[in-house]
Amino acid sequence: MTVLPAADAPIPIFTTLKDLYGSLATAVKHAERWDELVREFHTKFGRKPTYVARAPGRVNLIGEHIDYAHFGVFPAAIEHDILIACAPRPASTATAHPDRHAPGSVVAENLHTRYTRQVFMPTRRHTLGDDVPLDAVRVAPWHLDIDKSELRWESYVKAGYYGVLNHFFSSSCTSPVPVPVDILITGTVPPGSGLSSSAAMVVSSTLAFLAANGIFDGEKAPTKGELINIAVENERRVGVNSGGMDQSASVIALPGSALYVSFVPSLHAEPIVLPRDAVFVCANSLVVSNKAESAKHQYNLRVVETLGAARVLAHHLNLQVDSRDGENTKRRLVTLREVLARKSGFYRDEQDVQQEDLVQLRKGLEDLLEGNVLDCLLPKIEGRTGVTLEEMIGMGGMDEAEFREVYLSWVDVETTYFELYLRAKHVFEEALRVLQFREVCLDGGDNEESKLQTLGKYMNASHASCNDQFDCSHPKVNDLVQVARSFGEVEVGQRKGRVYGSRVTGAGWGGCTVSLVHREDVEAFIAHVKKKYPSYEGMSEEDLAGWVFATEPGMGACVFKFTD
Ligand code: GLA
C-alpha cells in the first residue's frame, strides 16, 4: 500500500498523561491503571519501564467487510486500549540469566493473572559464501514461532515484533541486532468482541519493540502510515487477511472525530466530526468470535468470495484487468472496487496519488446497483445462490491451475458454495451507505433529529445486509440489536426513547453491536439494554459496565516516554 501525506505524521511521543489523553479529566480517570502497570513492571523486573506503548481498539460505525474490497469505511477509536510497558534488559542481569541475553530475546508478562510469563527469542539462519565480504551477505529473515492453530495472547505480541525485526534489523550480518527486552501488558479491549483487540495488540507490540530498540530516537522512526502498513502485514502472520481498517483507526484516530478511511489510490484518513447529539453505544453479545481461528470458514472465506466475485464480474464485463507480457497474460487479484472503477470509466493507475473522487464513486455505485449486472454471479442452476469452486473458475474465465495459484495458494478456505452474488451485492450497497453516512455527517444543516434518523436508517440497513447477504451476524447479536431497537418503545420522561439504529460492528459472527442514541438518553438506553438482553441476567453492575458502554472517539496510538 502506498500512503498519502495525511498519514505522514510521526507517531506522537508524550511525557505527560494529560497531553497523551488530551485533557486532565481523562488523564485522571486512567492514572490508576498506568500506576499499577508501572508498579507491577517494577515488581516483576526490578526496574522502571522506559516506555509505555498505547494502541486503542476501534468501533466501526458503518462499512463492514468492504475494506478488503478497497472501499472506504467509517471507524472511530475507542477509549479502551492495550498498554505495553517495556524496557531493554540491562547487561547487569546477564550473569544470572545468560539465556535471556541473546539478541532480541523477550520476557513477556501479562497483568492479567490468567496469563503466564512467556519467554521467547527470534532466530535466523544465514549461510556465508566463501568470497563474500561480511557486510554484503544477505541474511535470512528473523523467525519467531507462531502457532496459528492455537492462538494465544503472546502470538499477537510476536506478530508485532516480527515486523520490527524484519523491517529494522535485517539488512546484513553487520547490522545492529535487537536488544533483549522485558515487557508487561495490560488491556481493556475485550478479545473476540469486534472492537479490534487484535489490531490494538499488534500495533502496541510493534510500537513497544520499536521504542525499546531506540528506533524512535533515530531517523528510522516510522510515520503513522508506515506503522499501519507494518501492522497490517504483521496481523497477517496470525492468519487473518484483514483489510487495514482496524490498524488505520487505531493509529490515525483523533479525539472527537470519526474517520472516513479510504484505500485507493492510497491510504487516506479524513477526520469527520459527528453530529452534536450523536452518541454511539457498544454492547457485547458475549459470543466470542475469534476471527483467526474461524478464518477458514468465515473471514478469509469472505475475502476469497469477494475476490472471486470481482474476477467473474471483470470477465463478464470483458474488462482488461490482467497485465500482458508479450504473448503471456499475467493474472492478478482484482478487487470489487477496481472492477467498479474500470466499468464506470474512472479507473486510474494505482500509483496516481490524487485523492479519490467521491462524487464519481457514488455515481458508479448507484448505476451498478440499478442495473442487473450482478446477476452474472448467480449459478445457472435454480434453487441455490452460491456456486461451486469449479463453477466459479469457469465463470471467471481462468484455467484451474491458474485460478488456484492466484486465488487460493496463499489462503486456506473451505466451503461447498461460494456466495458470489450475495457477497458482492452487500459490498457495493454497503460502500454506497458509507458515502451517504459521511455526507449526512458533513451536512452543515442544523436539523439534528433528522440527521440522526437518517444515520440510524443506514445503520439498520447495514445490519440487515450483514445478516442476510454477508452472513456475518449471529442469532444472539440479532437479539441484542432487537433489544437495542426496542428502547424506541420505552417511555423516557414524556417521550419515547431515542435510539436511531443498531448494528453488528467489526468482523461479526458474535462480538459487539453499536447503536446510535441521542446524547440525553444514553443512560436510560444503557440501563434498558443491561436489563433486557437475556445473557446479562444475574451479572453484577461492575461486569455489566464492561459489556455496555458509550464511546467518544478517542486518541490514536502513541508512545509514553519516562523522563527520569
Ligand atoms: C475485521 C478486519 C477488518 C474488517 C472488519 C470487517 O475487523 O480486521 O479489516 O474487514 O473485520 O469490516
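Quick one: in segment 92-142, of everything that is assigned to a loop (DSSP other than H, G, I, E, B) and among the acidic types (Asp, Glu), which residue is modelled with the highest pLDDT?
By that ranking, first place goes to ASP131.
Inspect all residues belonging to segment 206-222 and state whether any of them is within 16 Å of the ligand (Cβ to nearest atom), within 18 Å of PRO141 (Cβ to Cβ) and crowded, with 21+ Cβ neighbours inside 10 Å.
Yes, some residue in segment 206-222 is within 16 Å of the ligand (Cβ to nearest atom), within 18 Å of PRO141 (Cβ to Cβ) and crowded, with 21+ Cβ neighbours inside 10 Å.
Taking segment 304-328, which residues are modelled with pLDDT under 95 and either among the charged types (D, E, K, R) or more than 25 Å from THR388 (Cα to Cα) (or both)?
ASP322, SER323, ARG324, ASP325, GLY326, GLU327, ASN328
Kindly evaluate ARG433 against the criterion of being outside any loop (DSSP other than H, G, I, E, B), over 20 Å from VAL373 (Cα atoms) and under 21 Å from the mean Cα position of the chain (by Cα).
no
Can you tell me how many residues within segment 414-465 are closer than 28 Å to LYS296 by Cβ, charged (D, E, K, R) and surrounded by 15 or more Cβ atoms within 10 Å (Cβ to Cβ)?
So the count comes out to 5.
Quick check: anything in segment 45-56 over 26 Å from PHE169 (Cβ atoms), within 15 Å of the ligand (Cβ to nearest atom), at pLDDT 90 or above and not in a loop (DSSP other than H, G, I, E, B)?
yes
How many residues does segment 160-213 contain that are within 19 Å of GLY506 (Cα to Cα) and assigned to a helix (DSSP H, G or I)?
7
Any chance segment 74-87 includes a residue that's touching a residue at least 12 places away in the same chain (Cβ under 8 Å), of a type outside the set (Gly, Ala, Ser), within 13 Å of the ligand (Cβ to nearest atom) and touching a helix residue (DSSP H, G or I) at 6+ places or on another chain (Cβ under 8 Å)?
yes
The rows are residues; the columns are (1) surrounded by 22 or more Cβ atoms within 10 Å (Cβ to Cβ); (2) under 16 Å from ALA102 (Cα atoms); (3) without any contact (Cβ under 8 Å) to a residue 12 or more places away in the chain.
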| position | (1), (2), (3) |
| --- | --- |
| TRP153 | no, no, no |
| ALA159 | yes, no, no |
| LEU165 | yes, yes, no |
| PRO176 | no, yes, yes |
| LEU184 | yes, no, no |
| THR188 | no, no, no |
| GLY194 | yes, no, no |
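Say we look at segment 226-244 and pick out the residues that are under 16 Å from HIS268 (Cα atoms) and not hydrophobic (A, V, I, L, M, F, W, C); which of these is farthest from the ligand (Cβ to nearest atom)?
GLU226
The values are calculated or read from the model by the stated rules, or taken from the named source; none is laboratory data. None of these values were measured; they are calculated from a predicted model. For neighbour counting, all protein chains shown are included, and Cβ atoms are generated from backbone atoms with ideal geometry for every residue, glycine included.
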